[in-house]
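Participant: Below is a structure I'd like to ask you about.
The values are calculated or read from the model by the stated rules, or taken from the named source; none is laboratory data. Since the structure is predicted, the reported quantities are computational estimates derived from the model, not experimental observations. Here the Cβ positions follow ideal geometry from the backbone for every residue, glycine too, while neighbour counts run over all protein chains shown. We work out accessible area using only protein heavy atoms, side chains counted, and drop any ligands, DNA or RNA first. Shrake-Rupley method; radii C 1.70, N 1.55, O 1.52, S 1.80 Å.
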Amino acid sequence: MSGGYDERCAADLAIVGEGRDLSREDRAWLARVVTGAVRPNRDKPLWDLAHALAALARLRGCRDGRDLITLALDPGLARADAIEARLSAVSAEAGAATDGRGLVLRDGGEGWRTTWSGLARLLALAEFVLTSEDLGHFATISGWFDELVTGPDPDAAAFLAKRLARHLAAYRNAHLPLAPLERRFRAILGFLDGRRSFVDDDILDFWRNEMATGERPGFRTVAEHFVTFEAASGLLGGLESLAAASSLDAAEGWEERLDASLADLAASEPAEALAALLSDLPDGPKILTGAERDDLADFLRLEPFHRTRPLTALRAASFGRVQSGIANRLRRGGGGADVAQRASCAEAESYAALRERAGSLATHLARMLKIAAALRIADRDELPVEARAALEAAEADLRRVRRAGFEDRARLAAGFAAVDATLVRLAEETGRLEQALATLARQRPLEPAFAADLEIFARAFATAYAGEAAA
């Protein structure tokens, strides 16, 4: 990927740029239009293109769409002076005309106009939409051009503009890893009023606002979107390029910063990364039970928020689980009293209880790391006294463990050796979660924080799921 678009898009742009011998400025303009980096209205060039084609059809007396395609693909009309020389002597025809500045289309009111240089750029855009993806959409777009010429609809140009906008939006979705991120971020950027920084309560307020509009997104899902939003903000050096991009060359090192990193960001989710990490742990030896794996998934799925925004991690673990239960119940066709009971958040786990569970996980994983060390280090005579004592304590822990796979020492050692890196990572992250929760508890006592959030989530759930609860 290069410049925020994939190799297919780069090739499509290169074909037009080289075939028409476009200047660097015109190539940059075309790339901005194709990638949607035109503000405030990314579809304005497509609206201009549709009206330019309508004006050309009238001015040249085109019989059908093939005449327009001939004009669009003519390399002799790639430069403003060539277009002016070709068209300026053509007389006005049915509302289309030329003047000293360029092309004019009058359909009542003030009409539409463009300069000769503007028309040259629009014809380059026309060639792009016709020839992109190895002419894969040529027949469809040719048909649209034909309807523009032969159809009696006075709004044909506006209709073509809408069709082209939908077509290019689909193209962006297929070839720009940035496209799905921008759609996701647009609502967040609007809510934050362009701010790049946010706090835990911003995430909660955004979710409440979405719930109030009837969208009913999962709180966990919204939190994951904020994780990706924050990561992209750091990757791009701020989201100005998403909020008000004016040029692909506006930021130094644009391509290098967007390449593989942005592609990876667009293709992954925090929960997926954690799932891959936990999948590295085999079923035997049973270092983690199924319940312990689920707890880790709940606590660490919003990485790095378990370290940097532990309150959001607690909200997702407690109330996200409640909302998932409601959604699962509704998917199975349930409703009524059961949904009303769940929406009251009676099953929500308190933040103090979650902190205690996180502490137990941290203690267990630290214990497993010590056992792994005891299994690996056989010769201890040369070790310091403290290290020998720690290993002996780990040996005592090992003798007390009653889990499947812990009976055979040789197989147990091989099992631990196979997951050393994963175990270390999980232990480190769980320890950081425990520290973050301890800091949070000092800054914002957990019991009153949970009580306040319980009221907020219960009210939001009751309002959003009132219809199903009454069914």
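Participant: Once you have the Cα-Cα distance between K44 and A421, take 0.36 nm times their residue separation minus that, and quote the gain in nm to one decimal. Show your work: numbers first, answer last.
Facilitator: Details: separation 377, 0.36 × 377 = 135.72 nm, distance 5.21 nm.
Extending this stretch completely gives an extra 130.5 nm.
Participant: Of all accessible surface on the range 367-471 at a 1.4 Å probe, what whole percent is carbon and sulfur?
Facilitator: 55 percent
Participant: Please sort by residue number the trypsin sites (Lys or Arg not before Pro) in the range 54-84 whose DSSP state is loop and whose Cβ has at most 14 other Cβ atoms within 10 Å.
Facilitator: Of the trypsin sites (Lys or Arg not before Pro), the ones in loops of the range 54-84 whose Cβ has at most 14 other Cβ atoms within 10 Å are R63.
Participant: How high is the FRET efficiency from D64 to F159, r the C-beta distance, R0 22 Å, rounded to 0.05?
Facilitator: My answer for the efficiency is 0.80.
Participant: Which order do peptides 22-28, 209-215, 198-204, 46-52 fall in by mean Cβ count within 10 Å, highest first?
Facilitator: Put in order of decreasing packing, that is 46-52, 198-204, 22-28, 209-215.
Participant: Are there GluC sites (Glu not before Pro) in the range 405-459 that DSSP puts in a loop and that have at most 12 other Cβ atoms within 10 Å, and which ones?
Facilitator: Working: sites: E407, E428, E429, E434, E455; in loops: E407.
Here the GluC sites (Glu not before Pro) that fit, given the DSSP loop and packing criteria, are E407.
Participant: Just order 413-423, 303-313 by mean Cβ neighbour count inside 10 Å, highest at the front, would you? Please list the in-between numbers first.
Facilitator: Details: 413-423: 15.6, 303-313: 21.9.
In descending order of packing, they fall as 303-313, 413-423.
Participant: Next question. Once amide H atoms are built 1.01 Å from N in the peptide plane, which residues 5 or more positions from Y5, or in another chain, come under 5 Å H to H?
Facilitator: The list, which skips near neighbours in sequence, is empty: none.
Participant: What's the FRET efficiency of A438 with E395 using the Cβ-Cβ distance as r and R₀ = 35 Å, to the nearest 0.05?
Facilitator: It comes out at approximately 0.70.
Participant: Extending each Cα 7 Å along its Cβ direction at A452 and E347, get the distance between those two points in nm, one decimal.
Facilitator: Going from the A452 label point to the E347 one covers 2.7 nm.
Participant: How far, in nm, would the chain grow between R409 and A169 when pulled straight, counting 0.36 nm per residue and subtracting the alpha carbon separation?
Facilitator: Result: 80.5 nm gained on full extension.
Participant: Something else about it: FRET efficiency for E356 and E7, Cβ-Cβ distance as r, R0 = 51 Å, nearest 0.05?
Facilitator: Working: r = 51 Å, r/R0 = 1.01.
For R0 = 51 Å, the calculated efficiency reads 0.50.
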